[in-house]
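Report on the structure given below.
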């Protein structure tokens, strides 16, 4: 009887040990992680679609400057403030150096300027134009923009811009016309028409980029090498992609995040852009809000499985029901806050 009792005890201990095992008998526990404010690598470039025309707040008044704010796209009355970026008077351009701004003219065509220089800025400049004088085949004694010159501006907020002056005459006239050639019918000078590009993120980049921010779920960090197998998901505006170039994939499930305990075996695709609802004129109006019962499952290039959900599309994960948010006093969009769980044992199970 004693031998039987001892045998029963040993068998019981083996069964208990097997039940408590975390080896190959069941999936390893998954810990959920939250990452805030993933920038959905969107363009921070502000570009006027139509030229800014006839900028001159003081027509006929020599020596008076017109002060212009590139961010708002409007003239500024308070010249002593940090609200303006560039000022115009005659043929002279002025920068807001009192608040850290600057200006310079570089001999590069506007369309070819990709990055702003970081040094060489000054208070004023008047080398953006060509004075025709008595030059043949040109209108006499006219101020014409130099097509090979671009104006680079550093704003008081530390941002950079490039500007292309299109005309120095009221109404942006055809300078090859007979009316312009005739001094009696030539429009008034000192009226600036221009294009510009403003970089709103303190970067020197002055060209549009349509790219993604790539995230490695294993480390929870941004990946710079976009061609590698290191990253698992990428973000651009409202698009979320998987690393299908290295056999990864993404699959949406109409199931609440906490209820997803298994990743599908098949059906993975490259991209999902249906994770959100656009509110239109509902409250809050014109907002991008994550769907409540919507989970994205991911197959990584390392053949691991993950699930995640979008918590917020706005920087700082704001209260979208607040009066500020409803009244369009909102932080920047395209900043993802996500929650995810990665199963590191190679199984498709999250519980």
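The values are calculated or read from the model by the stated rules, or taken from the named source; none is laboratory data. Just so you know, these numbers come straight off a predicted model, no measurement behind them. Because the Cβ atoms are built from the backbone with ideal geometry, glycine has one as well, and the counts that use them run over all protein chains shown.
Here are some notes:
- Condition check for residue 221: in contact with a helix residue (DSSP H, G or I) (Cβ under 9 Å, 6 or more places away or on another chain), closer than 22 Å to residue 31 by Cβ and assigned by TED's automatic domain parsing to the domain that holds residue 335: no
- If you go through region 73-86 and keep only what is within 18 Å of residue 164 (Cβ to Cβ) and part of a loop (DSSP other than H, G, I, E, B), you end up with 73, 85.
- Strands (runs of 3 or more DSSP E) fully within region 244-351 that include at least 2 residues being free of Cβ contacts under 8 Å to residues at least 60 places away in the same chain: 249-253, 276-278, 288-290, 295-299, 305-314.
- Meets criteria (surrounded by 14 or more Cβ atoms within 10 Å (Cβ to Cβ) and either assigned to a strand (DSSP E or B) or touching a residue at least 40 places away in the same chain (Cβ under 8 Å) (or both)) for residue 197: yes
- Subset of region 201-241 that is on the phi > 0 side of the Ramachandran plot and in contact (Cβ under 8 Å) with a residue 60 or more places away in the chain - its residue that is nearest to the chain's Cα centre (by Cα): 237
- Among the residues listed as 22, 43, the single one being assigned to a loop (DSSP other than H, G, I, E, B), modelled with pLDDT under 90 and within 23 Å of the chain's Cα centre (by Cα): 43
- Flag not set for residue 284, criterion: touching a strand residue (DSSP E or B) at 6+ places or on another chain (Cβ under 8 Å) and surrounded by 13 or more Cβ atoms within 10 Å (Cβ to Cβ).
A quick yes/no check of all residues on (1) in the same structural domain as residue 56 (by TED's automatic domain parsing); (2) touching a residue at least 24 places away in the same chain (Cβ under 8 Å); (3) part of a strand (DSSP E or B); (4) over 30 Å from residue 184 (Cβ atoms):
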residue: 88; (1), (2), (3), (4): yes, yes, yes, no
residue: 94; (1), (2), (3), (4): yes, yes, yes, yes
residue: 108; (1), (2), (3), (4): yes, yes, no, yes
residue: 117; (1), (2), (3), (4): yes, yes, no, yes
residue: 137; (1), (2), (3), (4): yes, no, no, no
residue: 152; (1), (2), (3), (4): yes, yes, yes, yes
